[in-house]
Every structure is written in structure tokens, then in C-alpha cells.
Amino acid sequence: MSTTLPVPLLVYAQHQSVLDLEPARDVRATLPVANSTKSFWFTDPDVTPLPTEGSEGPLTDDADICIIGSGITGASAAYHLARSLSDGKIANALGRPVKAVILEAREFCSGATGRNGGHLVSHTFFDFLKCQTEHGKEEALRSYNIEEYVVKEVTKLLEENSKGDDVDLVAGGRLILFFSKEELLEAKSDFLAAKEIGLDLSGIQWFTKEETQAKYGASYPSVLTPGFSLWPLKLVGVLFSLANKIGSGSSSSSPTFSATLHTRTPVTSILPIPQSSDINAVFPRRHNLNTPRGNISCSYIVHATNGYASHLLPHLTGSNGIIPTRGQIIATRAKVGLDILTRTGGTGNEGLEYWFPRPVKQPDEKYPLVILGGGREVKPQFQFYEIDDSIIDKEVGKALRAFLPAVFPGRFEPGNEPEIEWTGIMGFTRSGDPFVGPVVDHNNSSNNTAYEGQYVSAGYTGHGMPRAYACAEVVSQMIVADIKKEKWEPPEWFPRVYLMTNANRKEYAKV
Ligand SMILES: Cc1cc2nc3c(=O)[nH]c(=O)nc-3n(C[C@H](O)[C@H](O)[C@H](O)COP(=O)(O)OP(=O)(O)OC[C@H]3O[C@@H](n4cnc5c(N)ncnc54)[C@H](O)[C@@H]3O)c2cc1C
């Protein structure tokens with residue numbers, strides 16, 4: 001197998017051991033930087049909502065629910081709140097629609113979601129044995145089922161609303177290339193174990209090195225799994241618009257929910273409101289959110305801030321919390337057409353590199369742009385605790401530029417400069433599982449009263465597109481159940497280990 005790749009191979013164990021280390025310096029997240037790089041996804045000015053919606057004029061000063069962050073988590077939370085409240089019961093009790101406000105530090109969806117690799121792909125069977133050993137059979141199944149659920153629901157939602165073309169949804173699949181024998185053997189063992197336990201593995205095809213070369217032009221054994229690519233910023237715009245459409249009711253019913261967006265409005269701190277006289281109201285106000293544009297009081301908070309979560313939740317600082325991690329991406333032009341390149345995306349090197357060809361849409365466009373991310377493994381610290389997405393790393397950029405010409409000889413011009421290059425901040429956790437649900441501080445329970453009414457869904461470890469949508473759905477269900485004073489029951493597909501309240505998380509284990 002090739003040894004001429006521009007990235008070191010078999011680094012996952014090292015990646016994990018660096019992730020496990022407690023950092024020596026203060027690593028509490030800052031607010032998102034103001035002068036971030038510009039991703040490909042922001043090159044189309046024709047987007048809804050506008051990137052700066054609600055950034056001027058008076059700030060809403062009171063809401064029932066504040067959602068902090070306007071990526072896929074924040075927008076999905078708004079969408080699912082709208083759906084759960086659409087029966088109108090709470091709006092009737094209040095005599096008005098339930099009011100949510102989305103507060104975004106920069107432009108709409110300018111965090112990881114607006115800067116990512118555009119893959120909407122489930123894990124299918126990868127890492128199955130590790131997952132089963134750590135969490136048992138039932139939980140392992142859930143952690144794959146949630147991703148299948150998200151891919152199915154998101155594509156269905158786009159289809160039902162005729163938005164597939166608007167977000168460039170392509171069912172091109174994902175080709176996983178095995179650069180080493182060890183990776184291939186591990187994947188085969190995971191596949192067999194997952195099959196035995198009953199995961200749906202239909203649509204998966206294995207290829208030898210020769211078959212991969214003939215079909216895709218890369219000389220490595222591979223496996224093809226189902227999967228989609230899309231324009232993530234536009235998907236988030238669809239969710240936000242649908243939230244307000246659902247909330248506005250129909251000709252025969254009154255509005256039940258509204259979501260107001262305030263961009264360029266960073267939340268700098270959250271202070272508790274002392275128990276007020278409206279204790280018996282449907283929504284007693286509990287929190288005061290401070291922003292440079294003024295304050296806003298509310299009853300419930302959703303922290304949808306992913307890599308930035310520890311700025312407002314300081315106990316999530318460090319290796320047992322959410323670790324900001326910088327990812328880098330280039331958009332580079334292929335030198336062959338989609339007829340040769342195919343519409344299939346791919347990953348390699350234990351998932352550290354990921355790419356897909358964009359549809360060819362412009363009249364003067366002959367060959368597709370390929371979006372390629374990765375390269376963190378050329379840095380000894382894997383870009384952990386890097387929170388500045390105005391910075392482009394030269395060494396990572398060098399590896400990215402050399403990657404596709406090395407893997408697909410003849411299909412990319414060596415030395416070709418990318419058309420765009422950008423970075424974005426992911427939120428890693430040591431376990432790889434996001435923190436979802438009511439915010440708790442396991443080390444200092446005296447803080448927990450102040451966290452009542454605060455929920456989080458963050459820390460997707462670079463794999464958020466097939467998880468965030470459903471995790472935000474769960475948080476929305478929890479809030480609506482709390483409002484209605486009902487007991488929340490987890491959906492069958494939801495991994496219980498994702499819950500922040502679950503004391504069995506790796507992050508809470510005593511060392
Ligand atoms: C380079 C890169 C490539 C990736 N590729 C993929 C991929 O191909 N497939 C995949 O599944 N996942 C990928 N991911 C991961 C995926 O993008 C994330 O897991 C997912 O987008 C997280 O969504 P989110 O809404 O939780 O967070 P974000 O999209 O980061 O949204 C959080 C928002 O909160 C805002 N915010 C933060 N703090 C505050 C505050 N105090 N006040 C107000 N607003 C605040 C931020 O500005 C940001 O807009 C990638 C990520 C990166 C960075």
C-alpha cells in the first residue's frame with residue numbers, strides 16, 4: 001500500500017491519548033472571534049434568513065425560551081419546539097404564542113455548521129466493537145440508530161418541503177478508503193459484529209484495491225456506504241424558516257410559536273433572576289442573559305454553542321468537558337469531470353480526511369469543486385484547544401493541498417492552489433459522545449440550582465450532522481415536557497449515555 005501520503009497513518013490511538021490529557025493552560029472557551037475566515041457555504045448571497053438578520057434595532061428583552069447559537073443544533077431546537085407546541089395548548093394557556101429567541105454571536109450559522117465538510121453520513125458500523133465494549137449491546141445499537149434516524153428524517157423533511165435541490169442534496173454515498181491493512185481488518189471485524197447484532201447494513205459494498213482503482217481511481221481497498229452531501233448553511237435556514245411556518249398556524253388556527261433571530265448578539269454571561277412574584281405563571285422568568293446590546297430575561301435556555309460551550313458553562317472547560325478543536329478545509333478544483341470523478345464522497349485515514357465533489361452548477365464550470373477537510377494529524381496537538389477560526393494553519397494546508405493528487409493520481413493537479421480555504425471550530429469530548437439535556441455540574445452540585453431550566457446539546461466530536469438534529473429534538477421534548485409538567489421519556493433511538501446527567505459517562509470516571 002502507498003507510503004507517499006502527506007499525512008501520518010494509524011494515529012487514532014495517539015489522537016485519543018492527546019485528547020485525554022488535561023491541558024496545562026487556561027482553556028476556557030472565548031466567544032467566537034469576530035474576523036473569522038469565510039467558508040464556501042457563505043459564497044451564495046441568496047440565503048434565508050440573511051446572515052445579519054436581527055443584528056440592528058432594539059433587542060427583544062423578554063422571551064420564554066432563549067436558544068444560544070444558530071447552527072444546526074439551535075435551528076433544530078427551534079424547529080422541534082415549534083412542532084411539539086403546535087397543538088396550541090400552551091399558547092392557549094398563555095393567551096399568546098410561545099416566544100423563542102435565537103441569539104447568535106456572529107452571523108447566522110457562522111459556527112461549525114456553516115464551515116463544515118457538508119457530509120450527512122451515519123457511522124453505519126464503524127467502531128462498533130469499541131462502542132459495544134464500552135456501552136453494551138443496547139446502547140451501541142442506539143448510537144447507530146440515532147444516526148440512521150437523523151439521516152432519514154432530514155432527507156424526508158427536505159423532500160416533503162421540496163427543498164432537496166435548494167440545499168444541493170446529493171445521495172452520492174461515502175467511499176471509505178483503507179490506507180493500511182490494520183484499518184481494513186478492524187473495519188471488517190466491526191462489520192461482522194454489527195451484522196450479527198442486527199444493524200441494517202444493506203447497501204454496503206466492499207471493493208478490492210483493483211476494483212476501487214477501476215471505479216474511483218484510488219489504489220486502496222474500500223467500502224461504499226450510503227450517505228449524502230449537502231449545503232449545511234442552507235439546511236439550517238430551512239429548519240429556521242419551518243419553525244416559524246409551523247408556529248404561525250394555519251388559516252383555521254392561531255399562531256402557537258415564534259422564533260426571533262438576533263445575530264451579532266453574543267451572550268456574555270447568564271445571571272439567575274431571584275424567584276419572582278410570578279412563581280405560579282406558566283413561565284416564571286429565571287435567567288437574565290447579558291449581551292452588548294442589552295439584557296434578555298427568559299425561563300428556559302438551550303446552550304447550542306458546541307465548541308464554545310465552556311464560555312457560558314465554565315465547568316465544561318478542560319479534558320472532561322468540551323474541547324474546542326480547529327478543523328480546516330479547502331475547496332479545490334478537480335481536473336476531470338463528474339462522469340469520471342463520480343458523485344461519491346469519501347473519507348480516509350481513520351476518517352481524518354473527508355471530501356466530496358460539489359454538483360457542477362455554474363454555466364462556465366467544467367470540472368467540479370471538491371470540498372476536502374482534515375490534515376489535523378500533521379500537528380502534534382491535533383488542533384485541540386484552538387478556538388480561533390480566523391487562522392489558517394500552513395502545515396495543515398500543505399497536507400490538504402497534497403492529499404487528493406496523491407490519493408487520486410491524474411484527477412487533481414499537483415500544486416494547484418485551492419479556490420477557498422477556511423477553518424471552523426468543532427467541539428470534542430473524550431468519550432466522543434455529546435452532552436445532552438439538563439445542565440448539571442457533577443463536581444459542584446451547589447451550582448445546579450442556578451442551572452435549573454438550562455439545557456445543552458453540544459460536543460459532537462466532529463460528527464454533528466447525523467446527531468445534532470436529534471439531540472436538539474430531545475432537548476426540545478424535555479423543555480416541552482417540563483412546561484406541561486409531564487414526564488419526559490427518551491425515544492428508543494436516543495443513547496442514554498449522551499445525557500449530561502448520566503453518571504456513567506467516561507468524563508465523570510475517577511482516574
Ligand atoms: C471544519 C469542520 C468540518 C466538519 N465536517 C463535518 C462533516 O462533514 N460532517 C459532520 O457530520 N460534521 C462535521 N463537522 C462537525 C459539525 O459541523 C458540528 O458537529 C455541528 O455543525 C455542530 O453544530 P452546532 O449547531 O452544535 O454548533 P455550531 O454550528 O458551531 O453553532 C454554534 C453557534 O453558537 C454561536 N455561539 C457560540 N457562543 C455563543 C455565545 N456566547 N453567544 C451567542 N452565540 C454563540 C457560534 O457563533 C455558532 O454559530 C465539521 C466541523 C468543522 C469545524
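The values are calculated or read from the model by the stated rules, or taken from the named source; none is laboratory data. Every value quoted in this text rests on a predicted model; they were computed, and no experiment measured them. So basically every Cβ, Gly included, is an ideal-geometry build from the backbone, and we count neighbours across all protein chains shown. What goes into the accessible areas is simple: the full protein's heavy atoms, side chains included, and nothing from ligands, DNA or RNA. Shrake-Rupley method; radii C 1.70, N 1.55, O 1.52, S 1.80 Å.
Given the options V378, V370, name the one that is in the same structural domain as A406 (by TED's automatic domain parsing), among the β-branched types (V, I, T) and open to solvent by 10 Å² or more (accessible area, probe 1.4 Å).
Unique residue meeting the criteria: V378.
Report yes if some residue within the range 41-59 is within 26 Å of I323 (Cα to Cα), in contact (Cβ under 8 Å) with a residue 40 or more places away in the chain, outside the structural domain of P466 (by TED's automatic domain parsing) and more than 11 Å from the ligand (Cβ to nearest atom); otherwise report no.
yes
Rundown of residues vs (1) crowded, with 18+ Cβ neighbours inside 10 Å; (2) part of a loop (DSSP other than H, G, I, E, B), yes/no style:
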position: P8; (1), (2): no, yes
position: A13; (1), (2): no, no
position: Q16; (1), (2): no, no
position: P23; (1), (2): no, yes
position: S36; (1), (2): yes, yes
position: P45; (1), (2): no, yes
position: T48; (1), (2): no, yes
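Could you tell me how many of the residues in the range 235-285 are assigned to a loop (DSSP other than H, G, I, E, B), within 16 Å of the ligand (Cβ to nearest atom) and closer than 14 Å to Y79 by Cα? Even if it seems obvious, please write down each step before you answer.
Here is the first cut: in the range 235-285, the ones assigned to a loop (DSSP other than H, G, I, E, B) are 248-256, 263-268, 273-285.
Within this subset, residues satisfying the condition of being within 16 Å of the ligand (Cβ to nearest atom) are 263-268.
Keeping just the survivors that are closer than 14 Å to Y79 by Cα gives none.
Matching residues across the range 235-285 total 0.
Here are the criteria: (1) polar (S, T, N, Q); (2) within 15 Å of the ligand (Cβ to nearest atom); (3) in contact with a Gly (Cβ under 8 Å, 6 or more places away or on another chain). Tell me which single one S76 does not satisfy.
For S76, the exception is condition (3).
I need the full set of residues from the range 286-321 which are away from the ligand (no atom under 12 Å from the Cβ), over 26 Å from the mean Cα position of the chain (by Cα) and surrounded by fewer than 19 Cβ atoms within 10 Å (Cβ to Cβ), in order please.
Correct list: N288, G294, N295, S297.
Determine whether Y354 is more than 12 Å from the ligand (Cβ to nearest atom), under 21 Å from the mean Cα position of the chain (by Cα), of a type outside the set (A, V, I, L, M, F, W, C) and open to solvent by 10 Å² or more (accessible area, probe 1.4 Å).
In short, no.
For the range 434-465, which residues satisfy the criterion of being crowded, with 24+ Cβ neighbours inside 10 Å and not hydrophobic (A, V, I, L, M, F, W, C)?
P434, Y455, S457, G459, Y460, G464
Tally the residues that are over 21 Å from L289 (Cβ atoms), surrounded by fewer than 16 Cβ atoms within 10 Å (Cβ to Cβ) and among the basic types (K, R), restricting the search to the range 81-108.
Selection size over the range 81-108: 1.
What pairs come up if the first residue lies in the range 160-174 and is of a type in the set (V, I, T), the second is assigned to a loop (DSSP other than H, G, I, E, B), and their beta carbons are under 6 Å apart, counting only those six or more places apart or on different chains?
Going by the 6 Å Cβ cut-off, the qualifying pairs are V167/L230; V167/W231; V170/R343.
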